[in-house]
Amino acid sequence: YSEGFFSTMVHELGHALGLQHSLTSATMSTDYTRATTRGRVLATDDMVALSLLYPARGFLSSTGSVSGRVTMGGEGVHLASVVALPPNGTPVSALTNPDGTYRIDGLPVGPYFVYVHPLPPTELASSGIRLPADVDGQAVAASGAFVSQFYPGTQDPRQAAAMSVNAGATVAEMNFAVEPRGWVPVYGVTTYSYPGQTAAKPAFISESMMLGGNRNFLVAGGAGLISNGAPVPGLNVSVMGDAAVVPEGGVSAYSADTRFLRVDFQFGMVSAEGPRHLIFTVPGDMYVLPMGLTMTGKLPPSITSVAPAVESDGTRVVRLAGTSLSASTAVYFDGV
């Protein structure tokens with residue numbers, strides 16, 4: 001389990017440097033939603049958080065900010081997670097203050113959708129996010145659960161308003177008025193793909209897989225997806241953008257293990273490679289999984305043999321044979 005050990009160590013080093021958990025599928029997210037790997041160790045959220053704690057000269061002037069307030073019934077919502085989500089990139093997030101105000105600094109220049117969601121129950125447990133303290137040293141509890149939404153107050157990503165972030169500037173008054181609810185219906189979702197018989201995480205779909213109709217699905221596990229061996233009534237899954245489309249009837253229980261959800265895809269319009277964000281909707285609420293799916297142009301490389309060799313000039317080399325190898329393939333020897 002070297003991959004899991006490596007990502008856990010990097011995560012714990014983040015804590016040692018002063019970082020808390022985030023909900024953006026970054027290294028500082030918990031293992032359930034984490035979408036980083038040994039080949040891509042940190043996500044933008046991790047790098048921004050470190051840069052704010054230990055800023056380099058010119059960092060803030062070269063990046064932008066988003067600010068606003070989250071209210072429920074006219075009162076500020078404490079410890080709501082507000083996320084700036086680029087359409088085809090990795091997000092950055094912040095938590096609201098006790099009065100509901102928030103500010104997301106360090107955003108790379110570009111367009112962003114902004115959404116707000118409550119902390120899942122796992123983050124309010126003793127091993128989750130450490131609560132702030134008041135002047136008497138008493139922990140300030142998070143506000144209750146509420147319905148997640150995109151700015152300016154919608155659960156439909158197609159109706160969300162994209163904000164343009166510029167260097168050295170703040171997009172202000174990005175306010176949310178949320179509705180209370182008794183519980184968080186969906187959280188802690190993990191996605192896997194199956195290029196072969198072994199699960200790959202984070203999940204990916206390649207154009208080759210989709211056009212061939214082979215393995216054009218991912219498997220998801222998490223709270224609120226499956227009930228009695230079937231998808232929760234009214235559950236739908238979509239992808240932000242048009243790179244991949246979940247067809248009608250494309251959500252079902254995974255036949256190999258009905259505790260998990262199967263999500264089928266069709267190839268949409270041609271789009272760039274990179275991470276995509278999944279939207280899980282249930283009646284009256286939604287859950288966003290940043291970087292829940294990665295679009296790739298081809299199948300991953302596979303190594304079938306490794307052998308030592310000597311070139312004609314005497315250079316000692318290692319020769320690899322396999323499939324989907326190209327000049328752009330990166331090869332790591334124990335991380336090197």
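The values are calculated or read from the model by the stated rules, or taken from the named source; none is laboratory data. Since this is a predicted model, take the numbers as computed values, not measurements. Every residue, glycine as well, gets a Cβ built from its backbone with ideal geometry; the counts of neighbours run over all protein chains shown. Heavy atoms of the whole protein, side chains included, go into the accessibility calculation; ligands, DNA and RNA do not. Shrake-Rupley method; radii C 1.70, N 1.55, O 1.52, S 1.80 Å.
Inspect all residues belonging to region 295-307 and state whether any of them is under 16 Å from residue 219 (Cα atoms) and touching a residue at least 60 places away in the same chain (Cβ under 8 Å). Yes, the conditions are met somewhere in region 295-307.
Any idea which residue in region 83-95 is most open to solvent (accessible area, probe 1.4 Å), counting only those that are closer than 14 Å to residue 118 by Cα and out of contact with any Pro (no Cβ under 6 Å at 6 or more places or on another chain)? Here the residue is 95.
Can you confirm whether residue 98 is surrounded by 15 or more Cβ atoms within 10 Å (Cβ to Cβ) and touching a helix residue (DSSP H, G or I) at 6+ places or on another chain (Cβ under 8 Å)?
The answer is no for residue 98.
Where in region 52-162 are there strands (runs of 3 or more DSSP E), lying fully within it, with 1 or more residues that are under 19 Å from residue 189 (Cβ atoms) and of a type outside the set (Asp, Glu)? Per the criteria, 81-85, 92-95, 110-117. Scoring residue 66 on the criteria (1) surrounded by 15 or more Cβ atoms within 10 Å (Cβ to Cβ); (2) more than 30 Å from residue 181 (Cβ to Cβ); (3) over 17 Å from the mean Cα position of the chain (by Cα) leaves a single failure, condition (2). Can you spot a residue in region 259-274 that is open to solvent by 70 Å² or more (accessible area, probe 1.4 Å) and modelled with pLDDT of 85 or more? The answer is yes; a qualifying residue exists. In region 145-164, the residues that are more than 16 Å from residue 236 (Cα to Cα) and without any contact (Cβ under 8 Å) to a residue 60 or more places away in the chain reach residues that are assigned to a loop (DSSP other than H, G, I, E, B) and of a type in the set (Phe, Trp, Tyr) with C-beta atoms within less than 7 angstrom, at least six apart or across chains, in these pairs: 145/183; 160/151; 161/151.
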